[in-house]
Amino acid sequence: MHIGQACAAIAAARKNICPQAPLVATMSAQFAFDALGETERRIDSVPLMGGAAGLGLGLALARPDLPVIVVDGDASLLMELGSLVTVAHNRPARLLHFVCANGVQFNGLRNLPTAGADPACDFAAMALAAGYAHAERIGDAGQLAAALPGLLARTGATLIELALARDPARVGAETPQPLLPPFQFVRMRHAVRTLKAALQS
């Protein structure tokens, strides 16, 4: 399963089951959701790398009536691994935390190995040890699609480690990495205003 397939399954389930659910994305997931045109009730943790779980927790505590979906990156979560304990300690009513585990940073660009690639981190086990109510690992798009209705109905904090294949690298000696557009550095500010208005309506 690739990140595009995983995000497509998550977006479809949100649209069909809980369209009011806020969506927090970061790293490669934000670009996958961009490609899907998924903009409603969404905020990206950029340039706040490592902040996706914290943003999702804040939303879940503010709106316990709604499921909150976080689609995190493995490199991103490793930067703020203590957020697992913070989430568990605060016992959010409905927080569904996906971790895209492909073992690389800058997936599809440079594919730099993460510190958690060798030896491999078990994010699901770490979430359970931190106190998450549920955690498991899913590596198949069909299995993910079938599981999503039940996952979105769960209460408490749930972490799903998505075992993903990395996308082919597009950056190297002959193909330098393009500069990020300026919008990348202000998109979270704009999204906060839009999401706040949506959640208050």
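The values are calculated or read from the model by the stated rules, or taken from the named source; none is laboratory data. Values in this document were obtained by computation on a predicted structure and should not be read as measured data. As a convention, Cβ positions derive from the backbone with ideal geometry for all residues, glycine included, and neighbour counts pool all protein chains shown.
In the range 155-192, how many residues are among the basic types (Lys, Arg) and either within 30 Å of Asp65 (Cβ to Cβ) or at pLDDT 85 or above (or both)?
2
Between Ala75, Ala101, which is under 16 Å from Leu164 (Cβ atoms) and without any contact (Cβ under 8 Å) to a residue 60 or more places away in the chain?
Ala75
In the range 128-172, which residues are of a type in the set (D, E, K, R) and free of Cβ contacts under 8 Å to residues at least 40 places away in the same chain? Give the derivation first.
As a first pass, look at the range 128-172 and keep what is of a type in the set (D, E, K, R): 136-137, 140, 154, 161, 166-167, 170.
If the condition is that a residue be of a type in the set (D, E, K, R) and free of Cβ contacts under 8 Å to residues at least 40 places away in the same chain, then Glu136, Arg137 are the ones that fit.
When you scan the range 1-99 for helices (runs of 4 or more DSSP H) that lie fully inside it, which ones turn up with 3 or more residues that are of a type outside the set (Phe, Trp, Tyr) and crowded, with 24+ Cβ neighbours inside 10 Å?
3-17, 28-35, 52-62, 74-79
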